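Reading through the structure tokens given below for one structure.
The values are calculated or read from the model by the stated rules, or taken from the named source; none is laboratory data. Computed from a predicted model, the values in this text were never measured in an experiment. Every residue, glycine as well, gets a Cβ built from its backbone with ideal geometry; the counts of neighbours run over all protein chains shown. Quick note on the areas: whole protein, heavy atoms, side chains included, nothing else; ligands and nucleic acids left out. Shrake-Rupley method; radii C 1.70, N 1.55, O 1.52, S 1.80 Å.
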Amino acid sequence: MLHTRKRRRALIAGVVTVATAALGIGLSTQFASAQTTLRGAADEAGIDIGIAVDANQLQNNATYRNLVATEFNSLTAENAMKWDATEPSDNSWNFSGADAIVDFAEDNDQTVHGHTFVWHSQTPQWVQNLSASAMQAAMVDHINTLANRYEGRVDSWDVVNEVVSDNNGAMRDSFWRNTLGDGYITTAFQTARAADPNADLYINDYSIEGDNAKSDRIYTIAQGLNSQNLIDGVGFQSHLILGQVPSTMEANLQRFIDLGLKVRITELDIRIQTPADANELQQQANDYERVVSICAELADCSGVTVWGLRDADSWVPGVFPGYGAPLLFDDNFGKKPAYNAVLEALGGDGSEEPTTTDPGTTTPPPTGDGDCTAEIDVVNDWGSGWQGNVLITADNGAVNGWTLTWTWPSGQSITSSWNATVTSSGSSVTASDVGWNANIAAGQTMNAWGFVGSGSSAAPQVTCTAD
Ligand code: XIL
């Protein structure tokens, strides 16, 4: 291997095996360490516990920033290092978000997993329209520019993302492949290797957690790249559904390790049909514990990155209608049962009560004597459209029903929405609860609903009226 970076992993904390030779048996005793943060436990275990971060929140939200600094030892930019963010038009660069994230990581002694050089999504039209030779040149230039800029500061890169389709392991018919042929993958890895020989290079994909046709294809690609010493690891995104951690996950990761590669859980979230009840949150905790334990027990699993901090920050409700609550912290930054489960899986002390409200025991419903405030959180913006999540806070008492109104500043409109009844008239919007998300306890904030908007993103002043 070309790599000189010291491995973080020292030992798996707290697992001591006492061999009782006389009896011919081994006693395995698990001591929970005293660590009470994910970061403390992960540092002790020598593993990355990562978080996908949003550059705006990192810069503007102190609670968000503190949790990112204290609970995680590794960062991934959720969007800020993607092509549409960094090179929106040819050779015109914007590193503001990416720089903010890398600076933050440096200030807080965190590793950075770079995401991502080459992907069919969130890549501007100007790239997609290029001729083959121009597209190849643009790809090489893009990789060189990012890898050089962050050399020594970004520890590993997702060089290519989602290159295999969901159709029985066939290669994805992306504009990359259609224009350049499959060779673009090797070219991307060669370019990245030459640009930063010390960075670990990954291929990243979803639905490859278990042993299946898609992970078989990734295996073949990884094997080929590895024979040329162009790859160091495989990223398993792990956007999972409640109760569906694949039974073959550990064995599947192991076969990649057996090739001499690292593995990494790069985008973990576990989605639940909303509203989630207490049993589902417990099942989610068990699922998280399983996934993190698999990584913690494999010597060549470099870490686990969770795809967002709070449920309110997650991409899930916008992309999988009816699903949400997939992360470790609730909308109010409270720790969910899954948080404690991850802490335990990392060898820490997860015995503290979760701080999140247990939806199974929040009876009777609050009396609606409060007022409310609401804000639109722009969680993604792809130029021609954007996703807004709407956070509602109950002030001065509980809320049990709400209606929001606002006026778009410059011609925006809602193209689709979830978890609210929405009516629009010209630039005015009215939205109200759909029953299950009517009740908000005093002082709490709920990630109540969301929408996809047309045009440029906007966060207008929202008026919230409690019923
Ligand atoms: C998602 C982000 O979380 C969203 O904010 C954005 O709107 C779309 O992309 N696979 C990936 C990630 O590799 O980059 C995606 O992130 C989620 C799926």
- line: Of the conditions (1) acidic (Asp, Glu); (2) closer than 30 Å to residue 39 by Cβ; (3) in contact (Cβ under 8 Å) with a residue 60 or more places away in the chain, the single one that residue 84 does not satisfy is (2)
task: List every residue pair whose Cβ atoms sit under 7 Å apart, with the two residues 6 or more apart in sequence or on different chains, where the first one lies in the range 287-309 and is of a type in the set (A, V, I, L, M) and the second, anywhere, is open to solvent by 10 Å² or more (accessible area, probe 1.4 Å) and part of a helix (DSSP H, G or I).
output: 292/345; 294/250; 296/345; 298/254; 298/257; 309/67
statement: Residues of the range 422-434 being modelled with pLDDT of 90 or more and within 23 Å of residue 312 (Cβ to Cβ), in sequence order, are 422, 429, 430, 431, 432, 433
task: Output yes when any residue across the range 38-49 is part of a loop (DSSP other than H, G, I, E, B) and closer than 24 Å to residue 343 by Cα, and no when none is.
output: yes
- prompt: Got at least one residue in the range 108-121 being in contact with a Leu (Cβ under 6 Å, 6 or more places away or on another chain) and of a type in the set (S, T, N, Q)?
  reply: yes
- prompt: Are there any pairs with C-beta distances below 7 angstrom linking a residue in the range 425-440 that is in contact (Cβ under 8 Å) with a residue 40 or more places away in the chain to a residue that is among the β-branched types (Val, Ile, Thr) and open to solvent by 30 Å² or more (accessible area, probe 1.4 Å), with the two at least 6 apart or on different chains, and if so which?
  reply: 431/421; 431/422
- line: In the range 377-398, anything of a type in the set (Ser, Thr, Tyr) and more than 16 Å from the ligand (Cβ to nearest atom) is listed as 393
message: I'd like to verify a number: residues in the range 312-327 that are touching a strand residue (DSSP E or B) at 6+ places or on another chain (Cβ under 6 Å) and more than 13 Å from the ligand (Cβ to nearest atom), how many?
response: 4
task: Return the residue satisfying two criteria in turn: it lies in the range 451-467 and is of a type in the set (Gly, Ala, Ser) and assigned to a loop (DSSP other than H, G, I, E, B), and of such residues it is surrounded by the fewest Cβ atoms within 10 Å (Cβ to Cβ).
output: 459
Those residues of the range 263-299 which are over 18 Å from residue 247 (Cβ atoms) and within 16 Å of the ligand (Cβ to nearest atom), in sequence order: 264, 266, 267, 269, 271
- request: Specify which of the listed residues (50, 46, 97) is out of contact with any Ser or Thr (no Cβ under 8 Å at 6 or more places or on another chain), of a type outside the set (Phe, Trp, Tyr) and within 14 Å of the ligand (Cβ to nearest atom).
  value: 97
query: Quick one: which of 109, 84 is of a type in the set (Asp, Glu), at pLDDT 95 or above and within 12 Å of the ligand (Cβ to nearest atom)?
result: 84
- prompt: Just wondering, is there one or more residues in the range 106-121 that are in a helix (DSSP H, G or I) and open to solvent by 50 Å² or more (accessible area, probe 1.4 Å)?
  reply: yes
message: I need the full set of residues from the range 223-262 which are within 16 Å of the ligand (Cβ to nearest atom) and either surrounded by fewer than 24 Cβ atoms within 10 Å (Cβ to Cβ) or assigned to a strand (DSSP E or B) (or both), in order please.
response: 233, 234, 235, 236, 237, 239, 240, 241
Pairs where the first residue, in the range 112-128, is at positive phi and the second is within 14 Å of the ligand (Cβ to nearest atom), C-beta under 8 Å, 6+ apart: 122/79; 122/82; 122/83; 122/84; 122/85; 122/382
